[in-house]
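Take a look at the structure below.
The values are calculated or read from the model by the stated rules, or taken from the named source; none is laboratory data. Just so it is clear, the structure is predicted and the values come from calculations on it, not from any experiment. FYI the Cβ positions are ideal-geometry reconstructions off the backbone, even for glycines, and counts take in every protein chain you see.
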Amino acid sequence: MERRDFIKTTALLGGASTLFGPAALSGPVKTAETFWLDGPMRWAQLAFVERDPGHYDPDFWLHYFKRIHATGALLSAGGVVAFYPTQVPLHHRSDFMGNSNTLGYLVEGCKKLDMKIMLRTDPHAARQNVYEAHPDWIAVTADGQKRRHWANPDLWVTCALGPYNFEFMTQVTREIMQQFQPEGIFSNRWAGHDICYCEHCVRNFRAASGLDLPRKADKLDLTYRKWADWRMKRLRELWAVWDAEIRRQKPTARFIPNGFPDKVITGREADLFFADQQARRGLMPPWANGKGAKELRSTLGLKPLIGIFSVGIEEEFRWKDSVQSDAEIRIWVAEGTANGMRPCFVKFGADIYDKRWMEAVASLYERYYKNEPYLRNTAPMARVGVVYSEQTDRNYGGKPWQQKTGDHLDGMYHALVENRIPFDMVNDRLLTPDDLKRFKLLILPNIAALSDTQCQQLRAFVNNGGSLVATFETSLYNEEGQQRPDFGLAGLFGVSYDQKVEGPMRNSYLHLRHDARNSQSQLILKELDGTPRIINSIYKVQVKPTASFPSPITLIPTYPDLPMEDVYPRVAETDTRELYLRQVGKGRVAYIPGDLDRSFWQLMNTDHCQLLGNVIQWALDEEPVTTVSGPGVIDITVWRQANSLTVHLVNLTNPMMMKGPFRELIPVEAQVSVPVPAGTSVKGVKLLMSDGKPTYELKNGKVTVTVPRILDHEIVALDLA
């Protein structure tokens, strides 16, 4: 195929963003050599299939990249299949490539467009000749069988922790870097699949631990925990080997691991990161993409975070040549962008069957290109932090009330979205004063496993004027998942553990003690004044108060729900509090002994949502960073840039919000009020996504803007002087 000349487009690199957050504060200072990392704002990924060479038109893709103003390309290079003339023995070259260089042509074309190049490898599978030459490179199942590939029985699954990756794929990495000099290598499915029982894993794990490999995955089994720790260390070693090889060939280049199993290490070690959160599946809310972005930003700070999204369907049976609806693509990408990710579409197979997605992606990218300075964020403005805990996920569970522990976080997350409270995520291993200094309130949705040090850090946060909201078994276990005799945060909660968890509680209620003379009760019971009771949570921890408390909410115990003639309360009212509110110095602490967050997620009860929102507003005890009124469900984030402040409004109002895909977008309107940042003045207000210049009112240090129509994503931008 004849090569064509391409008109160069200048990549808008802009100024180096001010880093913010724990990872950024401890990370490397930007230099001219690493400046490229912060450059690309819109990425395009082509994941080649073996028969693409000779069957697809590379110029079609290059023209599309130019049209959408893509500034970064992620292209398949090698591993399972090499898409260039490889010289590495056993590295399978595409059978369809002939004498051409599929990858080389596309790389050269992208460079003519001034795009930065990231090349993709996939080392998780190998062909029969690899098996015959090195059977020890192949993963082994618990019953001693070499592992056939689950989707393609002609292939074998490789061991991620042995010489296939450490030796063979290091050669492949070296060759790719030498031939193409990309900005880095992104490796897919590099971390292995389940426990491998090959000779290398057996020997290496025994040398490290003195133990035999665990026979099954059981997070509460001590041997499995040791294996999980060993695996993480082994993967970190592999990351270091590949990254060192890449930097030997090009000092500014980086290795990007897809899905490293520890976000703190990811935040510390990665200078940029690709988040492989392609689309929703099953009963997944559309805000899940924003949630993943928030979790990664909690450790990465403002290092570049690229969000890979699929234009195809990601359900269980993996129709990889499928196409999502335009509405679904737009909402998923909007959630990522609003939460600080730079979009990267991925197309599996370069030979297109269905082009319907292309206009939706082009429309999004063109608007992001036009408004790029407003997407180069310098600081998040949220004052509420929601703590998430990888160590609780790993080390807590096993009892009946400890199932579906992720529902605690999801319920709290959804309650914050519905109550329109801007927030960020906080990793529980990053709780130093520097990590937390921008937050007024931390929310702990059943963060059960906390070390003594972490508990002390949380006490220091409150002593310095911060506030806490905690639920259920928060701090009842140490970092290893061993139960304490009392909460680690008992002194803050003002209660002690009473040695029992009750539930599931059938037909139990919360008694609401309305008091028009008490402002605290009025705030806690706001919008609940039409009833004396609402449904209780499903489980609750029994506790004993160690201080005096107000009693806005108390227990109505379980009573029969059948036969109907017996459905009446045996005890009409108790003094057992179901919400504990305290003023601690300049901070406030709210402890909820029930699993109210998890119950909300499972039941979607509107009273639970209202109550959680009220408790959070009481604990925050300050003016919000923005107030948004109007109908519908709108996810809100607020950012600073060098010369502006932006409020992102993602419209989730849709009958398909909790089970995609969206069929259509249903517009809503909103009124947005934003305090003007201290030391600045407002030069103007824009609606970036609809390209509007609305009228606005500036009064008492606040800008109030009416947004007449939010379809999928609107960005209210305040230009500041």
Checking ARG280 against (1) assigned to a helix (DSSP H, G or I); (2) surrounded by 17 or more Cβ atoms within 10 Å (Cβ to Cβ); (3) in contact with a Gly (Cβ under 8 Å, 6 or more places away or on another chain); (4) in the same structural domain as ILE185 (by TED's automatic domain parsing), which single condition isn't satisfied? (1)
Could you tell me which residue of the range 534-544 is farthest from the chain's Cα centre (by Cα), considering only residues that are surrounded by 15 or more Cβ atoms within 10 Å (Cβ to Cβ) and over 15 Å from GLN610 (Cα atoms)? VAL543
Listed by first then second residue, the pairs whose first member lies in the range 699-721 and is surrounded by 14 or more Cβ atoms within 10 Å (Cβ to Cβ), whose partner is basic (Lys, Arg), with beta carbons under 8 Å and at least 6 positions apart or on separate chains, are ASP712/ARG330; HIS713/ARG330; VAL716/LYS686; ALA717/LYS686; ASP719/LYS683; ASP719/LYS686; LEU720/LYS683
Exactly one of LEU211, LEU220 is out of contact with any Phe, Trp or Tyr (no Cβ under 6 Å at 6 or more places or on another chain) and either of a type in the set (Ser, Thr, Tyr) or modelled with pLDDT under 95 (or both), and that one is LEU220
Sole exception among (1) under 26 Å from GLN181 (Cβ atoms); (2) among the aliphatic types (A, V, I, L, M); (3) buried (at least 19 other Cβ atoms within 10 Å of the Cβ) for ALA338, by number: (1)
Within the range 49-87, can you find the residues that are out of contact with any Asp or Glu (no Cβ under 7 Å at 6 or more places or on another chain), of a type in the set (S, T, N, Q) and assigned to a loop (DSSP other than H, G, I, E, B)? THR71
I'm told ILE592 meets every condition in (1) closer than 13 Å to ALA415 by Cβ; (2) without any contact (Cβ under 8 Å) to a residue 40 or more places away in the chain; (3) buried (at least 17 other Cβ atoms within 10 Å of the Cβ) except one. Can you identify the failing condition by its number? (2)
For the structure I just gave you, tell me whether TYR131 is of a type in the set (Ser, Thr, Tyr), out of contact with any His (no Cβ under 6 Å at 6 or more places or on another chain) and over 30 Å from LEU272 (Cα atoms). yes
Has the range 98-105 got at least one residue that is among the β-branched types (Val, Ile, Thr) and not in a helix (DSSP H, G or I)? no
With respect to ASP212, determine if the residue is under 30 Å from the mean Cα position of the chain (by Cα), over 24 Å from ALA47 (Cα atoms) and assigned to a loop (DSSP other than H, G, I, E, B). no
Please go through the range 298-347 and give me each residue that is assigned to a helix (DSSP H, G or I) and basic (Lys, Arg), ordered by number. ARG330
Could you tell me which of the residues ASP136, ASP122, ASP114 is in contact with a helix residue (DSSP H, G or I) (Cβ under 7 Å, 6 or more places away or on another chain) and surrounded by fewer than 21 Cβ atoms within 10 Å (Cβ to Cβ)? ASP136
Residue that is surrounded by the fewest Cβ atoms within 10 Å (Cβ to Cβ) [pool: residues in the range 484-533 that are without any contact (Cβ under 8 Å) to a residue 60 or more places away in the chain and among the acidic types (Asp, Glu)]: ASP529
From the list LEU489, LEU442, LEU525, pick out the single residue that is at pLDDT 95 or above and either within 19 Å of THR554 (Cβ to Cβ) or aromatic (Phe, Trp, Tyr) (or both). LEU525
Does at least one position in the range 215-222 carry a residue that is more than 17 Å from GLU175 (Cα to Cα), within 29 Å of the chain's Cα centre (by Cα) and in a helix (DSSP H, G or I)? yes
